[in-house]
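Have a look at the structure below, then the notes.
What follows is calculated from the coordinates using simple rules that are stated; it is not laboratory data. Since the structure is predicted, the reported quantities are computational estimates derived from the model, not experimental observations. Neighbour counts run over all protein chains shown; Cβ positions are idealised from the backbone, glycine included.
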Amino acid sequence: MIGRDKKRSNFKRLAIGSALAATAGYLAGVLTAPKSGKETRSDLKTAADKSWAEAEKDLKKLNKELGKVIDDAKGRGGKLSKKAQKELEATVDKAKDAKEKVREMISAVREGDAQDKDLDRAVKDATTAIAHLRDYLKK
């Protein structure tokens, strides 16, 4: 049975992939439509803006979720043994790094400097960090 975290991770990847695929399909349709260059460029800009807005929205949700999980982990850290606290601290540090990458990607999306591979990496790192923290907290 696939766990809730795995399903969430798959859903987030699917959402970003779907947004990118929809944009690519839209672009292909626009490029083959019998419109003027000005209309086509306007349509492309609108589609790109919409796609980046969706990506930014998804990244913000992911960033918020990661923040909640980090806070939860910090709150439970005092109840653990010293060894477990050190392991949790290391996991939280990795999660904080992933959260920072997501924050940077949000800025990059706003500025129009985001690359697909960077977006994919930030989402993967953040969803992995969330899953690891949740798994650790279940112990």
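Mean projection of the alpha-carbon convex hull of region 20-85 over all orientations, in nm²?
On the way: hull surface 23.8 nm².
So the Cα hull casts an average projection of 5.9 nm².
Once the chain from E111 to D72 is taken as fully extended at 0.36 nm per residue, the excess over their C-alpha distance is 10.9 nm. In summary, the chain shows an alpha-carbon radius of gyration equal to 1.31 times the 2.2 N^0.38 Å reference for compact globular proteins.
Distance between the 7 Å Cα→Cβ label points at F11 and K57: 1.5 nm. Candidates A21, G67, L80 compared by Cα position along the dipole of the chain: farthest toward the positive end lies L80, with charges placed on Cβ. Membrane-span-like helices in the chain, defined purely by DSSP H runs whose alpha carbon atoms cover 15 Å or more axially and whose average Kyte-Doolittle hydropathy reaches -1.0, are 4-32, 116-138. Separation of region 36-86 from region 119-139 is 12 Å, based on Cα centroids. Model label points for A90 and D135, set 7 angstrom from Cα along the Cα-to-Cβ axis, are 1.4 nm apart.
Put a dot 7 Å past the Cα of R121, heading toward its Cβ, do the same for S18, and the two dots end up 2.7 nm apart.
Computed extension gain for T46 through K82, at 0.36 nm per residue and net of the alpha carbon distance, reaches 7.6 nm.
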